[in-house]
Amino acid sequence: MKTKTVLRKSAIGLTIVSAFALAGIAPAFAGTIGGAVAPINVVTQNDVANITVVAADAQTDTTIVTGTIDNNDASGWKLTIASANSGKLKKGAGGAGREILYTNINLVTGTSGTLGTGLTSPAASKDVTLGSAVYAALTTATSATVGYGYALKISWPADTSMLSGDYQDTITVTLANNI
């Protein structure tokens, strides 16, 4: 009698499993999978060390730095450009006949790569006489900025009162997420 009961239960169980299999129903299992995308915030800076300066000639859009920007923040990014000499190329400590005043740095963008979709180009000319200027690619990004090329350019008027020698400034480029 016990054998018949076990066989009958097995047969019923086998019939139910077979009916589910024929109907395309299988037991469901659910699990959560996922991961995190690491933040990317990288800027390269290639300085132009030998700018041609001719005292009698005005300079227009002379390239001083080139580089690329990679950033994946959804709020965009900002690029801060700082001039150690507050917008001047100086010979030694500077002073009369020893300074080339360029005041503005022109940020030219889009020379290569891709600006994140949804961001606005930060290309502009900004005054650096207070030491630095901020250029921002804002709004909401729907894709990352990848290998986005930029160039920094300066201009200055002719000045025949300049003394001969080497003139320099230190330019610092800082990339940060827009907060």
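The values are calculated or read from the model by the stated rules, or taken from the named source; none is laboratory data. On a predicted model such as this, the values are computed, not experimentally measured, just so you know. When we count neighbours, we look across all protein chains shown, and the Cβ atoms used for this are built from the backbone with ideal geometry, even at glycine.
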**OP:** Confirm whether THR139 is in contact (Cβ under 8 Å) with a residue 40 or more places away in the chain and over 16 Å from the mean Cα position of the chain (by Cα).
**Re:** no
Subject >> Pair list, Cβ under 9 Å, 6 or more apart: the stretch 112-130 residue of a type in the set (Asp, Glu), other residue surrounded by fewer than 16 Cβ atoms within 10 Å (Cβ to Cβ) and at pLDDT 90 or above >> reply: none
**OP:** Tell me which of these GLY147 doesn't satisfy, since it passes every other one: (1) under 13 Å from the mean Cα position of the chain (by Cα); (2) buried (at least 16 other Cβ atoms within 10 Å of the Cβ).
**Re:** (2)
Original post:
Based on what the data block shows, is THR66 at pLDDT below 95 and in a strand (DSSP E or B)?
Top reply: no
**OP:** Go through (1) more than 20 Å from ILE154 (Cβ to Cβ); (2) modelled with pLDDT of 95 or more one by one and return the number of the condition THR44 breaks.
**Re:** (1)
Original post:
Would you call ALA84 without any contact (Cβ under 8 Å) to a residue 24 or more places away in the chain and over 17 Å from ASN41 (Cα atoms)?
Top reply: no
Original post:
Name the residues in the stretch 124-160 that are under 16 Å from TYR102 (Cβ atoms) and of a type outside the set (A, V, I, L, M), would you?
Top reply: SER125, LYS126, ASP127, THR129, GLY131, SER132, LYS153, SER155, TRP156, PRO157, ASP159
**OP:** Determine whether the stretch 84-95 contains at least one residue that is closer than 20 Å to GLY110 by Cβ and in contact with a strand residue (DSSP E or B) (Cβ under 9 Å, 6 or more places away or on another chain).
**Re:** no
**OP:** Report yes if some residue within the stretch 139-160 is of a type outside the set (Gly, Ala, Ser), closer than 16 Å to SER75 by Cα and part of a strand (DSSP E or B); otherwise report no.
**Re:** yes
Original post:
Looking at the stretch 46-91, which of its residues are hydroxyl-bearing (Ser, Thr, Tyr), surrounded by fewer than 19 Cβ atoms within 10 Å (Cβ to Cβ), more than 24 Å from THR142 (Cβ to Cβ) and in contact with a Gly (Cβ under 8 Å, 6 or more places away or on another chain)?
Top reply: THR66, SER86
**OP:** Please state which one of ALA158, ALA133 is surrounded by fewer than 18 Cβ atoms within 10 Å (Cβ to Cβ) and either more than 23 Å from the chain's Cα centre (by Cα) or not basic (Lys, Arg) (or both).
**Re:** ALA158
Subject >> Yes/no for THR103 being under 17 Å from THR60 (Cα atoms) and surrounded by fewer than 19 Cβ atoms within 10 Å (Cβ to Cβ) >> reply: yes
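Can you tell me which residue in the stretch 106-130 is surrounded by the fewest Cβ atoms within 10 Å (Cβ to Cβ), limited to those that are hydrophobic (A, V, I, L, M, F, W, C) and farther than 13 Å from GLY76 by Cα? Quick ask: steps written out before the conclusion?
So in the stretch 106-130, the residues hydrophobic (A, V, I, L, M, F, W, C) come out as 107-108, 115, 119, 123-124, 128, 130.
Now narrow it down to the ones that are farther than 13 Å from GLY76 by Cα: 107-108, 123-124, 128, 130.
Numbers: LEU107: 20, VAL108: 17, ALA123: 15, ALA124: 14, VAL128: 22, LEU130: 10.
Selected residue: LEU130.
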**OP:** Could you please give the count of residues in the stretch 83-130 that are closer than 22 Å to TYR148 by Cα and in a loop (DSSP other than H, G, I, E, B)?
**Re:** 13
